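As structure tokens, the structure follows; a few thoughts come after it.
The values are calculated or read from the model by the stated rules, or taken from the named source; none is laboratory data. All values reported here derive from a predicted model rather than from experimental measurement. Virtual Cβ from ideal backbone geometry, glycine too; neighbours counted across all protein chains shown. When the accessible area is computed, the model is the full protein with side chains, heavy atoms only, and any ligands, DNA or RNA have been set aside. Shrake-Rupley method; radii C 1.70, N 1.55, O 1.52, S 1.80 Å.
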Amino acid sequence: MTAFLLMLGCSFFAHASTALLLEEPFGLFGHLNPTGHAAIYLDHICAQTPTSLRPCRDGEFGAVISRYHKVDGYDWVAIPLIPYLYAVETLDQVPTTATAALQRELRDQYRRTHLLRIAPDKKDGSTPGGEWIQLVGSAYDRKLYGFQLESTPEQDADIIAEFNDSRNVAHFNIIFRNCADFSRKFINREYPGAIHRNFIADIGITTPKQVARSLVRFSNEHPEVPFSTFVIPQVPGTIQRSRRVDGVTESIVRSKKYVVPLAVIAPIPTAVIAAAWLAGGRLQLPDDEETLAVLRQPASRSVHLMRRQVAPDSTPADPSSAAASATPPPTVIAMPTPDASSIPITLGPAE
């Protein structure tokens, strides 16, 4: 009965989509492990809570869902699109530029408002550490690439029912149950056999880039399934830029610090690794594609918004004092601004 009602509710929506978000690596861990992160963006499914789903209402942009290592013992968490990208509630609050201090402040404000159940304060009331920061503000840290397939109301209803009825208990494993494995199984639920591991280029480990590579191949083999790509730029500012996303053998072949010593010590295995990448590990990322449509705004809108200026090292000692201080709201948009008359309001193929 629940599935039927959800299906009925979803039947009013058209052109729903499931999109893989391939996210570039950043920071020290990204330097050591350049495979990046994978998440799923659902433009017609929203987060009732971080651990329950529902059909979106008019004006909502959908949710991003992914697997995480240590977030309050959950296997997956769903976050509304705009907070996931920018750690704010609405597009008119997105800063034009960002510093690390502003990023920390926005993340903590959103956590205190919406995520205290899964990321509670420390005993002294201060901001906790941990991997909860991956849930909000992703576009400050890195650039994201989108690979989008059309979904049906029936598929959306099945997803909502299945995820709400299943146990959500973490058992993350970087080799066999990582974020890319979550995305692989999610997409294969809607399109069986679309995504598969690469036992040559990625030695059997599911990587975010392999999921994207499989999606591109699937779209070429099934032109009847609407497919498009998009990008979500990293927000400009003083935060370090993210790095190129690589597969397993690709990270070795394209890194001089690895491939040169390896070629000297073991030239034949190095040649095999290079051949494996050339044979099945390459993917042209959609650098020249349109920004995700729902993030585009009329140029005229930004002139009515005040810009918030935050000094690079202005993070207060007590994070709660930032919320209490009287400051103008953060502002708009680090995205291209096409002519207002042509702004789409839903995710769709780039035009």
Quick check for you: with a 1.4 Å probe and neighbouring chains kept, what is the accessible area per residue of region 65-177, in Å²? 40 Å²
Percent accessible area from carbon and sulfur atoms, region 59-134, protein chains only, probe 1.4 Å: 53 percent
Using the Karplus curve 6.51 cos²θ - 1.76 cosθ + 1.60 with θ = phi - 60°, work out ³J(HN,Hα) for each residue of region 232-237 in order, rounded to whole Hz, and write x for Gly and Pro. 10, x, 5, 4, x, x
Using r as the Cβ-Cβ distance of ASP121 and ASN188, and R0 as 41 Å, what FRET efficiency do you calculate, to the nearest 0.05? 0.60
With a 1.4 Å probe and every protein chain left in place, tell me how much accessible area TYR74 has, in Å² to the nearest 10. 50 Å²
Given 0.36 nm per residue, what is the gain on full extension from ARG244 to THR49 after removing their alpha carbon distance, in nm? 66.9 nm
May I ask you to compute the full-extension gain from LYS70 to GLU89, defined as 0.36 nm times their residue separation minus their alpha-carbon distance, rounded to one decimal in nm? 4.4 nm
List the extent of the Cα atoms of region 69-129 along each of their three principal axes, largest first, rounded to whole Å. 34, 27, 19
